[in-house]
Amino acid sequence: MTSSARDDSIERYVRGILRSGTVAEDSTRARGMIKRLVKAFGLLPPETADLFLLGDRRLTITISPDPGLPLGMRTTSRGPAESRHYTIILFEEHQTWPHDLFIASILRELGHVVASRPPEDEWPASRSERTRFKQMLECRADAMVWRWGLRDYSIRHLYATYPEHRVEKLVEEIGRMLLQEYLPQGRDS
């Protein structure tokens, strides 16, 4: 598939999954959002983008009205693992974010989808275990972005979201997660 044909396929896909009750589809803001989303999907390795384009990962992206306080993007999932549906929730304010921060954030959310983030009702029950589990999910989403060769985008997101000392710990955790993936089974170092 040529680059132009792939871009057209990605744009059709994005238009098909984007839902907005607040922005008219033909408005300048909607076109800008579509352009940014197309760029993000275009940055994915072809085999990862194909998970979406070929329907292996069912996804909807919704644009919601601003809740009145700054919130990041968020991914939810529902349904059994073999037919799970994912929703990435964006708020209108995300349309005004700097381009690289927007791309970095949406890539992280796509990382949640590719890594098969489970619905919250499948998370551990205790509060402390839920917190640790959520942190692991966040690191796993970042690790996906790193695996795609887009580490700089991930770092941009981390520094915009967390204090520097927290970013350093997250980077260490992501590194450990990636290292464990490549170690032979049964080895600790």
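A few comments on the model shown:
- Which listed residue is closer than 22 Å to residue 35 by Cα and aliphatic (A, V, I, L, M), from 101, 158, 137: 101
- Taking the criterion of being more than 19 Å from residue 47 (Cα to Cα) and among the small types (Gly, Ala, Ser), the residues of region 136-186 that qualify are 154, 160, 175, 186.
- Residue selected from region 149-172 under the condition open to solvent by less than 30 Å² (accessible area, probe 1.4 Å) and touching a residue at least 24 places away in the same chain (Cβ under 8 Å), by the criterion farthest from residue 123 (Cα to Cα): 150
The values are calculated or read from the model by the stated rules, or taken from the named source; none is laboratory data. None of these values were measured; they are calculated from a predicted model. Neighbour counts are summed over all protein chains in view; Cβ atoms, including those assigned to glycine, are modelled from backbone coordinates with ideal geometry. Note: areas computed on protein heavy atoms with side chains; ligands, DNA, RNA excluded. Shrake-Rupley method; radii C 1.70, N 1.55, O 1.52, S 1.80 Å.
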